[in-house]
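The values are calculated or read from the model by the stated rules, or taken from the named source; none is laboratory data. It should be emphasised that the depicted structure is a prediction, and the values quoted were computed from it without experimental measurement. Cβ placement follows ideal geometry from the backbone for every residue including glycine, while neighbour counts extend to all protein chains displayed. Note: areas computed on protein heavy atoms with side chains; ligands, DNA, RNA excluded. Shrake-Rupley method; radii C 1.70, N 1.55, O 1.52, S 1.80 Å.
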4 protein chains.
Amino acid sequence: MIVAMQGTATEVQIDAVIEAMTEAGLGVHRTTGSIQTILAGVGATASVDLGDFEQLPGVESVHRISSPYKLAGRGFRPEGTVVEFRNGVKIGDTEIVAMAGPCSVENRDQIFETAKRVKAAGGKFLRGGAFKPRSSPYAFQGLGIPGLELMREAADAHGLLVVSEVMEIAQIEPMLSLVDMFQVGARNMQNFNLLRQLGQVDKPVLLKRGIAATIEELLLASEYILQGGNYNVILCERGIRTFETATRNTMDIAAIPVVKKLSHLPIVADPSHGTGRRDMVAPLAKAAIAAGADAILVEVHPNADKAASDAAQTLYPDQFDKLMKELRVVAQAVGRTL
Amino acid sequence: MIVAMQGTATEVQIDAVIEAMTEAGLGVHRTTGSIQTILAGVGATASVDLGDFEQLPGVESVHRISSPYKLAGRGFRPEGTVVEFRNGVKIGDTEIVAMAGPCSVENRDQIFETAKRVKAAGGKFLRGGAFKPRSSPYAFQGLGIPGLELMREAADAHGLLVVSEVMEIAQIEPMLSLVDMFQVGARNMQNFNLLRQLGQVDKPVLLKRGIAATIEELLLASEYILQGGNYNVILCERGIRTFETATRNTMDIAAIPVVKKLSHLPIVADPSHGTGRRDMVAPLAKAAIAAGADAILVEVHPNADKAASDAAQTLYPDQFDKLMKELRVVAQAVGRTL
Amino acid sequence: MIVAMQGTATEVQIDAVIEAMTEAGLGVHRTTGSIQTILAGVGATASVDLGDFEQLPGVESVHRISSPYKLAGRGFRPEGTVVEFRNGVKIGDTEIVAMAGPCSVENRDQIFETAKRVKAAGGKFLRGGAFKPRSSPYAFQGLGIPGLELMREAADAHGLLVVSEVMEIAQIEPMLSLVDMFQVGARNMQNFNLLRQLGQVDKPVLLKRGIAATIEELLLASEYILQGGNYNVILCERGIRTFETATRNTMDIAAIPVVKKLSHLPIVADPSHGTGRRDMVAPLAKAAIAAGADAILVEVHPNADKAASDAAQTLYPDQFDKLMKELRVVAQAVGRTL
Amino acid sequence: MIVAMQGTATEVQIDAVIEAMTEAGLGVHRTTGSIQTILAGVGATASVDLGDFEQLPGVESVHRISSPYKLAGRGFRPEGTVVEFRNGVKIGDTEIVAMAGPCSVENRDQIFETAKRVKAAGGKFLRGGAFKPRSSPYAFQGLGIPGLELMREAADAHGLLVVSEVMEIAQIEPMLSLVDMFQVGARNMQNFNLLRQLGQVDKPVLLKRGIAATIEELLLASEYILQGGNYNVILCERGIRTFETATRNTMDIAAIPVVKKLSHLPIVADPSHGTGRRDMVAPLAKAAIAAGADAILVEVHPNADKAASDAAQTLYPDQFDKLMKELRVVAQAVGRTL
């Protein structure tokens, strides 16, 4: 951490800042320039809130110079993390993984038909929501655990893994035997109690970026899970909120290579939520893979137009087939398989 | 809801859209223009997802024409909601209410000293966090229930009400006897399970706007609480995330009169989080009151620079004294008291 | 400027960075810490592009520690700038100034009637566009110089000053005798050639903040004018673009006190463009004055609903009368007059 | 255009709105529903400002249902526009075109060396700035016309075309014989006078999206050029401003397929400005091509770290070589060549 003092700062003010830095557990190096004094704080800066220093008398500005996360940083595992599942499927390796399924589990036929088509197209994970966070209380809220049981059955019947969203701590226990990976939704990216609890669980976690979260905040959120000892965390870019309204969100494709550089964690792209438009899923899925994504997460439904939620962004199985064929070629173009 | 068909849409496509609208429970009025056909859907449009229609063949665009919330809308209570507390304090009435206190409860001395000063300056609520949601797992996380008990004691000793943040469902029960109002933080604005549970509670709820939430989404979130029968909801503008970095967030002052127009719920302004800078709290608090806010929420700490969290945006008690005097004059200028 | 080297940076890399800093004309102070080396560059950092250093081998991060503007900075004129006009009206002094008029000058009757009403209500400036920048080429584009001549005549008849937008260099000369202040619109805030030319002109300039411009960029833009020797620059907050759609733009009220702190230049608030809604002009105008604005800029039209442009955000003269009365009281509440 | 009246709107209010719509040149269809009345306006809606109706008494909301641009719309040229240059190079066809060069022309050696390397790697255009719009007046502002003459000479020596930014109307004439395509920078995207003038010019125009411009506004801006009869317009996605700071801008990759759908104009991707980071240029260039871009625009400099501007985002020639090889493979994967 660097504290730049104002040119007019007095020695008393400088001493007070040095004291505050020392109290915060930092070692302090002082550079007295002709224009201003610079104080460099070294040590456990990750636990320091820069704001604590910004308003001290005589301070001009405060800068963080090392990343505030530790376990999520690339330096912690320079070789990168590969998350391996019980059936040998790996995320973070050369092979790109496809996860697909409906926004919500609706009934037995729907989820079995989807599972069959996802498997046939080369997907490895069946995705689907049992607990649905909806902006409006008047919208369909999901089938709950019975929906999850249906999805488990459908996935097992077709040799797929299951990923589904957990919305609160109380759902972890009943979901534990039904899913292969917990998904934390964008709205819960900073539900720290939930994250901390998932750090105790022996199942991988797919952590979605919040629509207003910076990449740094996403990595800090992952740190809550890693800290508990669960190192099987997979990040997910699914669009951020901007002024543009042509797409539901703006997919931050650059987040993929940025995360790859800053962190050792795998990263998944979700072009369905990232764009909110069925006709934009294919071009953005290709873009994500070209940019280095380790997996894609796509919404597929046998009767997409009548899906109980997210109909506008859901592919028909035939469209998913076609997409997988196209993605396979793009994956090869960047030295990977799918 | 209006569905505008493309000029090239066929009768078969138009019929399919009419059928889909009918299935969604809407009555449909058709206008066949020389350029394009317009379908107006009437009825229970609040539960309809516009996206379900946007991708149907032949559709050009879909527009919502009535608000998706019901109980939160101004029409539900045109006269406006006034939330009354057990000691007669009212929010939403002519008198503007001040809520103040530290970001986190740290110890007995701190919270008692704060309570004394808040009361002396004319504050009605003691605010303070016992459970702290922090972006970094390495930052101070709060004292928990013991902290809340200290705050209750301090508030009672000085005739203040207590407002404190609830972070998960399991905390509602132990907090119930200790707070006069539950606060839902910005990060939890769309924690729908928590909101639904708070709809069952017989205590007012202060619902903070998420940093990436539109005003419409804030009102929809409040609807989750109202739907459960708890009509004592107070909204809070605390800054949204934009590209500007001079302040931590950008306070959307216009949200105050917009909410007043769209909804009957009272609205509070939080210039401490809204700006993240101690020197900006006073001008923004004045602005909020000039724009029609019903209350202000401000961070105050006897030793602000050493606060365990949010030091940069916390006022010293003397600054709060001065602010209250200034706000009183502004309140009078817009026909209110404080 | 501070360059933080990576912990793994070699001496060769550190030397290369020091050399690059020296070549850029900076003096360099080196702090060799146990974790990493910090290089502080002092001197003419305003002309240095931080990006030039970010990608050098071994560099972790680069931070600017002094503001990149000079003449616009508060330090240049700690007492603040007061811009005085030929009839003695001042902007930046205790008295708050109101500027009002139609979006576009349309015809003689319209502009004379507006001038009469603006004057009667206590306005000091007649505003109005002769050259209109419109997003669509199919929208009304303004009357040009003849419109400006009409506005000059109307203003003179009622003892008002004239402010109008200049859109390109070629318009400066013909406008010079017709306006008392040039306005640079938000879309032209970074039209640097135009700004540089206005630095040569002996008339004040009202510089509007771009919808995606940071406060720092606004101050840097003003620097282009100041550098030419024209120190009569007045800044204007008129809303920034965010994800919120309830108002056309999001008025960044905090920008007012932030500019007051960083710069000596006066600042005006434009709640008409800031909100795009007639019913939001009054609350935001009050908020802006409560937060410290030196002047307000408001759209008024005798037949607001039929204005050729910006009808939705334009006040009727009676509404402007009422607003001025209300603002007078708020101005007094913050120790000023209007 | 659709005007939805409030449920409580009176017949007098409805009639007034119908009259206003008729005056605006629209035909009006009325649907009187049980809940509210809907008015559909048909005709020349492109020239109508929705805001003109939003504040009329009794109006609930106003919606545009057809796009406000005409000539830029896909419908105008369903087969797509292919811009052909004098040497036969085409943009918008199957072959993807690479444009590369320094941010600024600095001297003869630099630009000749760059041209040689760009050509060798397979580039078709030499790009480079002679007039530089810089946020700070203290930064390097470009060599002007002599710089452009050098670039022309270098391009001719190596069989390349030239694209360079025009910043104001007065520069068009002297640039005309020196460039093969005019570039309009992001800051000038809404400099409508400049656009209109370029509509009169017999050279293609590369129009960059403003950092806060929606896709609709980009298309409307292109309409200013098209309207003048110059149909050779190429759009450019170069990043928008969001809250994320890990990259200089957030590249809106989805804008590429969205533009392809809405418009017939070709679209170029500029990953150098889109990310501001050299290490992100390659992944984003690949993503852009995978998503359907017709060309890429990249900054290359023989001594990238010492470039007079944009050093941080500029590639070394060897990096550009490698990038071109990788892009060729990605282009093939999506059925194109490069």
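Of all residues in the range D:207-236, those being free of Cβ contacts under 8 Å to residues at least 40 places away in the same chain and part of a helix (DSSP H, G or I) number 4.
When restricted to residues that are assigned to a helix (DSSP H, G or I), under 25 Å from D:Glu19 (Cβ atoms) and either in contact with a Gly (Cβ under 7 Å, 6 or more places away or on another chain) or within 14 Å of chain D (Cβ to nearest Cβ) (or both), the range C:282-320 contains 7. Across the range B:314-325, a minimum of one residue is classified as at pLDDT 95 or above, farther than 15 Å from A:Glu54 by Cβ, crowded, with 24+ Cβ neighbours inside 10 Å and out of contact with any Ser or Thr (no Cβ under 9 Å at 6 or more places or on another chain).
Residues in the range A:43-91 that are away from chain B (no Cβ under 14 Å) and open to solvent by less than 30 Å² (accessible area, probe 1.4 Å): A:Ile65, A:Gly80, A:Thr81, A:Val83, A:Phe85, A:Val89, A:Ile91. Evaluation of A:Met280 against the conditions (1) at pLDDT 95 or above; (2) more than 21 Å from B:Ser61 (Cβ to Cβ) shows that the sole unmet condition is (2).
Is it the case that some residue within the range B:214-222 is more than 12 Å from the chain's Cα centre (by Cα), farther than 21 Å from B:Pro102 by Cα and within 14 Å of chain A (Cβ to nearest Cβ)? No, the range B:214-222 has no match at all. Give the number of residues within the range A:268-281 that are within 12 Å of another protein chain (Cβ to nearest Cβ) and open to solvent by less than 10 Å² (accessible area, probe 1.4 Å). Counting residues in the range A:268-281 that are within 12 Å of another protein chain (Cβ to nearest Cβ) and open to solvent by less than 10 Å² (accessible area, probe 1.4 Å) gives 8. The set of residues in the range A:19-42 being crowded, with 19+ Cβ neighbours inside 10 Å, in a helix (DSSP H, G or I) and more than 9 Å from every other protein chain (Cβ to nearest Cβ) consists of A:Met21 alone.
Residues are listed down the side, and each one gets a yes or a no for (1) part of a loop (DSSP other than H, G, I, E, B); (2) within 25 Å of the chain's Cα centre (by Cα); (3) charged (D, E, K, R):
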site: C:Glu60; (1), (2), (3): no, no, yes
site: C:Ile65; (1), (2), (3): yes, yes, no
site: C:Lys70; (1), (2), (3): yes, yes, yes
site: C:Gly88; (1), (2), (3): yes, yes, no
site: C:Ala98; (1), (2), (3): no, yes, no
site: C:Glu106; (1), (2), (3): yes, no, yes
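Does at least one position in the range C:249-260 carry a residue that is over 30 Å from C:Phe112 (Cα atoms), more than 13 Å from chain D (Cβ to nearest Cβ) and open to solvent by 10 Å² or more (accessible area, probe 1.4 Å)? Yes - at least one qualifying residue is present in the range C:249-260.
Applying the selection to the range C:223-243, what residues are facing chain B (nearest Cβ under 10 Å) and open to solvent by 10 Å² or more (accessible area, probe 1.4 Å)? Can you show your working first?
Residues of the range C:223-243 facing chain B (nearest Cβ under 10 Å): C:239-243.
Scanning the range C:223-243 gives C:Arg241, C:Thr242, C:Phe243.
On the basis of being among the aromatic types (Phe, Trp, Tyr) and at pLDDT below 95, does C:Phe53 make the cut? When the stated conditions are applied, C:Phe53 passes them.
Scanning the range D:73-92 for residues that are among the hydroxyl-bearing types (Ser, Thr, Tyr) and under 30 Å from D:Glu23 (Cβ atoms) turns up nothing. Annotation: of all residues in the range B:9-18 being free of Cβ contacts under 8 Å to residues at least 40 places away in the same chain and of a type outside the set (A, V, I, L, M), the one that is farthest from the other protein chains (Cβ to nearest Cβ) is B:Glu11.
Looking only at the range B:293-325, filter to residues that are under 18 Å from B:Val268 (Cβ atoms) and among the acidic types (Asp, Glu); which one of those is nearest to the chain's Cα centre (by Cα)? Spell out how you get there, then give the answer.
Here is the first cut: in the range B:293-325, the residues under 18 Å from B:Val268 (Cβ atoms) are B:293-300, B:310, B:313-315, B:320, B:323-324.
Keeping just the survivors that are among the acidic types (Asp, Glu) gives B:294, B:299, B:310.
On the way: B:Asp294: 12, B:Glu299: 17, B:Asp310: 20 Å.
Among residues in the range B:293-325 that are under 18 Å from B:Val268 (Cβ atoms) and among the acidic types (Asp, Glu), the one nearest to the chain's Cα centre (by Cα) is B:Asp294.
Tally the residues that are of a type in the set (Ser, Thr, Tyr) and closer than 10 Å to D:Ala254 by Cβ, restricting the search to the range A:251-281. Outline the logic, then answer.
First, pick out the residues of the range A:251-281 that are of a type in the set (Ser, Thr, Tyr): A:263, A:272, A:275.
Going one step further and asking which of them are closer than 10 Å to D:Ala254 by Cβ, we end up with A:275.
Within the range A:251-281, residues that are of a type in the set (Ser, Thr, Tyr) and closer than 10 Å to D:Ala254 by Cβ number 1.
Of all residues in the range C:282-300, those that are open to solvent by 10 Å² or more (accessible area, probe 1.4 Å) and over 17 Å from C:Gly335 (Cα atoms) total 2. With respect to the conditions (1) acidic (Asp, Glu); (2) at pLDDT 85 or above; (3) in a loop (DSSP other than H, G, I, E, B), C:Asp15 falls short on a single one, namely (3). Inspect the range D:94-111 for any residue being surrounded by fewer than 18 Cβ atoms within 10 Å (Cβ to Cβ), in contact with a strand residue (DSSP E or B) (Cβ under 9 Å, 6 or more places away or on another chain) and of a type in the set (Ser, Thr, Tyr) and give the result as yes or no. Yes - at least one qualifying residue is present in the range D:94-111.
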